[in-house]
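Taken together, the values in this text are just the output of simple stated rules run on the coordinates, not laboratory data. Source: prediction; values computed, not measured. Reconstructed Cβ throughout: ideal geometry from the backbone, glycine too, with neighbour counts over all protein chains shown.
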Amino acid sequence: MKIVIISDVHANLAALKALPERQYDQLWCIGDLVDYGPDPHEVVEWVRSNATVVVRGNHDHAAGFSVDPQCSAPYKKLADETLRFTLRVCKNEDLDYLKGLPVYRDVSVNSTRFYLVHAAPTDPLFGYYPKDSPHWREQVDCVAADVLVVGHTHTPFVRQEGKTTIVNPGSLGQPKTGRSLACYAVWNDGKIFLQEYQYPVEETIRGIRAMPIPSQDQEALIAVLRGGEIPVRTVTRL
């Protein structure tokens, strides 16, 4: 059984369409289909048509319910501006789809139990725990799973916590690795692989420049795509 795991697509259709995996049994999406990028409607359509399992991220929640995604200060204005854009270009069925996504899923594959959640079991939409966080012990204690699959931090990692393997595939649409390479993970018959690939980032940049948002916000989003962060200060929640 081969499962491709993606997360944090953030309306980056060019990255999504360049996903190199073509042969797999299932595709899982760990949330945040929309905001920040230029193609929220197209990404929602693609995920709805192609993903086997999808959970709701904080930006999906914000779009579906017209609420604050609760981003950290450097990203708050970008989130506000692009949320307005998302609400403008998405169709009602897109927003209903985002609203209806579950905040977690329990999935069993053969004898392996997976728990899928965008952020963390105790705070499914907003909990922000990087790889070295001491809070993962309490998180795995909350679920009966062999593998806990999370996203939200935009940085890929695999961590063993007791008998539970924690997997974060990183961000496909807005990676925070310092490289403009889209990230994802593959679970293949019990083995986990973190992968990254080049995609036509300039296509996404052209799309951002065409978005009806302030030019300084366009440049900030482009800086994140190219270098992994807004060149201002450390980010604690995405």
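Test of understanding: in a Gaussian network model of the chain with alpha carbons linked when under 10 Å, which of G170, G207, G162 would top the mean-square fluctuation ranking?
Result for the chain, Cα springs under 10 Å: G162 fluctuates most.
Take each complete run of DSSP H in the chain, measure how far its Cα atoms stretch along the helix's own axis, and keep only those covering 24 Å or more with mean Kyte-Doolittle hydropathy at least -1.0; list them. Provide the component values of the computation, followed by the final result.
Working: long enough: 73-89 (25 Å, -0.36).
Helices meeting the span and hydropathy rule in the chain are 73-89.
Taking other Cβ within 10 Å of each residue's Cβ, how do I222, I166, I6 sort, fewest first?
Going from sparsest to densest Cβ surroundings: I222, I166, I6.
What distance in nm lies between label points placed 7 Å from Cα along the C-beta direction at K76 and D25?
Those two pseudo-labels are separated by 4.6 nm.
Going by how many other beta carbons lie within 10 Å of each one, how would you line up C183, C29, C142, fewest first? Don't jump to the answer; show the numbers that get you there.
On the way: C183 26, C29 32, C142 12.
If I rank by nearby Cβ atoms, fewest first, I get C142, C183, C29.
What is the set of long-range amide H partners of V103 at a cut-off below 5 Å, with H atoms built 1.01 Å from backbone N?
Under 5 Å from the amide H of V103: R56.
Grab the beta carbon distance between A144 and T122, set R0 = 22 Å, and tell me the FRET efficiency rounded to 0.05.
0.90
In what order do R56, R226 fall by count of nearby beta-carbon atoms within 10 Å, going from fewest to most? Intermediate values should be presented prior to the final figure.
Numbers: R56 26, R226 14.
Exposure proxy ranking, most exposed first: R226, R56.
If you take the beta carbon distance between R137 and D106 as r and set R0 to 25 Å, what does 1/(1 + (r/R0)^6) give as a FRET efficiency, to the nearest 0.05? Write out the running numbers ahead of the final one.
Working: r = 20 Å, r/R0 = 0.81.
E(calc), rounded to 0.05, equals 0.80.
Return the single residue from K76, K163, K99 with maximal mean-square fluctuation; model: Gaussian network over the chain, springs between Cα atoms under 10 Å.
Looking only at K76, K163, K99, the largest GNM fluctuation is found for K163.
Compute the Cα gyration tensor for segment 64-106, then decide on rounded, prolate or oblate, letting a ≥ b ≥ c be the square roots of its eigenvalues: rounded whenever a/c is under 1.5, prolate when a/b is larger than b/c in the other cases, and oblate in all that remain. Don't skip to the end; give the middle numbers.
Details: a/c = 3.20, a/b = 1.29, b/c = 2.48.
Here segment 64-106 falls in the oblate category.
Skipping prolines and chain starts, which residues have an amide H placed within reach, meaning under 5 Å, of the one on V109, given they are 5 or more residues away or on another chain?
For V109, whose amide H was placed from the backbone, the distant partners under 5 Å are F114.
Over 22 Å between Cα atoms: which of K17/K76; K77/K131; K2/K176; K76/K176; K77/K176; K131/K191 fall into that group? Before the final figure, lay out each step's value.
Numbers: K17/K76 27 Å; K77/K131 27 Å; K2/K176 26 Å; K76/K176 17 Å; K77/K176 18 Å; K131/K191 19 Å.
The pairs that break the limit, which is 22 Å between Cα atoms, are K17/K76; K77/K131; K2/K176.
Measure off 7 Å from each Cα along the Cα-to-Cβ vector at K163 and R48, then give the distance between these two points in nanometres to one decimal.
Taking the two extended label points, one gets 4.0 nm.
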